[in-house]
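So the structure is just underneath, and the comments pick up after that.
Each value in this text was obtained by applying a stated rule to the coordinates, not by laboratory testing. Being a predicted model, the structure only gives us computed values, none of them experimental. Note that each Cβ is placed from the backbone with ideal geometry, even for glycine, and that neighbours are counted across all protein chains shown.
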């Protein structure tokens, strides 16, 4: 599972942080993201911001939602 680490409260900043994580090869395609409640607690952000960031990452094709299982990097589950 990918560790998001401490981070931003703006969804755009969260998306940039996720880009950096992926580029740094700290996360590989198919790695599972933490549950949304873990992301909000870890980053100190609201659920609305986490949802917006995840939607934007999915729109960009960087993550994929697998219903009942969560989000995965790189569009692979």
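Descriptive notes on the structure:
- Sorted by Cβ density within 10 Å, fewest first, the residues 15, 66: 66, 15
- Residues in segment 38-58 reached by a label modelled at residue 13 [backbone nitrogen below 13 Å; 7 Å Cα→Cβ]: 43-46
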